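Accompanying notes for the structure given below.
Each value in this text was obtained by applying a stated rule to the coordinates, not by laboratory testing. Keep in mind it's a predicted model, so treat the numbers as computed, not measured. Methodologically, a virtual Cβ is constructed for each residue, glycine included, from the backbone with ideal geometry; neighbour enumeration extends over all protein chains shown.
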Amino acid sequence: MLRWYREAGATGERDVVVRRELVLDPDPERAMAIGRAARGALTRAYSAFNVPDATESYRQLSDAGAAEDVAAHSYLFTTPERCVRRLKELADLGVTYVILRMQWYDLPQERVLRTLALFRDEVLPHFQHETGGE
């Protein structure tokens, strides 16, 4: 998409915003398992309704395999260290803002709070210069 944006003559004067689902845990396999289970429940709830369209935007609703692929490539179900790397990769691609969704459907509140704490303590300090922090 960013390639298309640039090919269309974008000058970089506009913001590029993406959204990512986020579950952080010191154990990357546990983070992925938690995120896939919670996001899978949400996907099943969404797919009970008509899919808005058949584009790539909603491909995770088409079947379990597509949902797994989207989780592996688009979501940040990972460690804080890998999250920092992935966010910096997005910035290198020209993304100016990332909306992080850390809470949805039936993800337990304590899990959401754990992700928020890990993000605050281990991810956000790597971006303080960009957020106006010290």
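Observations on the structure shown:
- Candidates per chymotrypsin sites (Phe, Trp or Tyr not before Pro) in the range 76-111, loop by DSSP, up to 16 other Cβ within 10 Å: 104, 105
- A full extension of the chain between residue 110 and residue 27 corresponds to an added length of 28.2 nm, given 0.36 nm per residue minus the alpha carbon distance.
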